[in-house]
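See below for the structure under consideration.
The values are calculated or read from the model by the stated rules, or taken from the named source; none is laboratory data. Small disclaimer: the values here were computed from a predicted structure and weren't measured. Positions of Cβ are generated from backbone atoms using ideal geometry, with glycine treated the same way; all protein chains shown enter the neighbour counts.
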Amino acid sequence: MTVEKWNVDPAHSSIEFQVKHMMVSKVKGAFKNFSADLTLDPEDLTTANLSFTVDAASIDTRQEQRDGHLKSPDFFDVEKYPSITFQSTNIVADGSNEYKVTGDLTIRTITKPITFNVEYEGTSKDPMSGNMVAGFEGTGKFNRKDFELNYNAVLETGGVLIGDEVKLNIQIEVSK
């Protein structure tokens, strides 16, 4: 096969995150709006090129007040920095249908490398459209302070309100 552009299906794709809350639980959320460009050869995924752009204001933690705070200058400052971006720089096979996808993550104006563990779920023909469809699941993590997402509060117990580590889970379905 050859390297071709595949289209992300937003109805079957998601970008989700979780972070420790008050040292005892986790807050989960998602970005509702994003776009992605993906070129790949299903026979050699190490040649793929992936970029995505996230609408930072589309953050949703199912709690309006918290979402408003996350959009503020304490965190993403969405009026000043409306987008979060990722651009792949290297893809290495890491077992059967497993890959390490390294790239540049930009939040605000800060760019840092991040590596996702990606599982290729395979391809199938969509019986409704006749298009070929492929699926991927990626997990990664980063320290939010590396991107100047520094807001926090000290708890009476000596812990902090918000953990530094942000875990990402990305589900992508693409078609051509």
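When you go through (1) buried (at least 16 other Cβ atoms within 10 Å of the Cβ); (2) of a type in the set (D, E, K, R); (3) more than 12 Å from the chain's Cα centre (by Cα) one by one for LYS176, which number turns out not to apply?
Condition (1) is where LYS176 drops out.
Answer yes or no as to whether VAL78 is crowded, with 18+ Cβ neighbours inside 10 Å, out of contact with any Leu (no Cβ under 7 Å at 6 or more places or on another chain) and in a loop (DSSP other than H, G, I, E, B).
When the stated conditions are applied, VAL78 passes them.
Take region 29-55 and flag every residue that is in contact with a helix residue (DSSP H, G or I) (Cβ under 8 Å, 6 or more places away or on another chain), free of Cβ contacts under 8 Å to residues at least 40 places away in the same chain and of a type in the set (A, V, I, L, M, F, W, C).
PHE34
Counting just the residues of region 88-126 that are over 18 Å from the mean Cα position of the chain (by Cα) and on the phi > 0 side of the Ramachandran plot, which one comes out modelled with the lowest pLDDT?
If we take residues in region 88-126 being over 18 Å from the mean Cα position of the chain (by Cα) and on the phi > 0 side of the Ramachandran plot, then GLY95 is modelled with the lowest pLDDT.
For region 83-129, which residues satisfy the criterion of being touching a strand residue (DSSP E or B) at 6+ places or on another chain (Cβ under 7 Å), part of a loop (DSSP other than H, G, I, E, B) and free of Cβ contacts under 8 Å to residues at least 40 places away in the same chain?
Matches in region 83-129: ASP94, ASN97.
Report yes if some residue within region 138-150 is at pLDDT below 95, under 20 Å from LYS32 (Cβ atoms) and outside any strand (DSSP E or B); otherwise report no.
Looking for residues that are at pLDDT below 95, under 20 Å from LYS32 (Cβ atoms) and outside any strand (DSSP E or B), one finds at least one in region 138-150, hence yes.
Pairs needed: first member in region 155-176, farther than 23 Å from THR123 by Cα; second member anywhere, among the aromatic types (Phe, Trp, Tyr) and modelled with pLDDT under 95; C-beta distance under 8 Å; at least 6 residues apart or different chains.
Hits for this filter: ILE162/TYR151.
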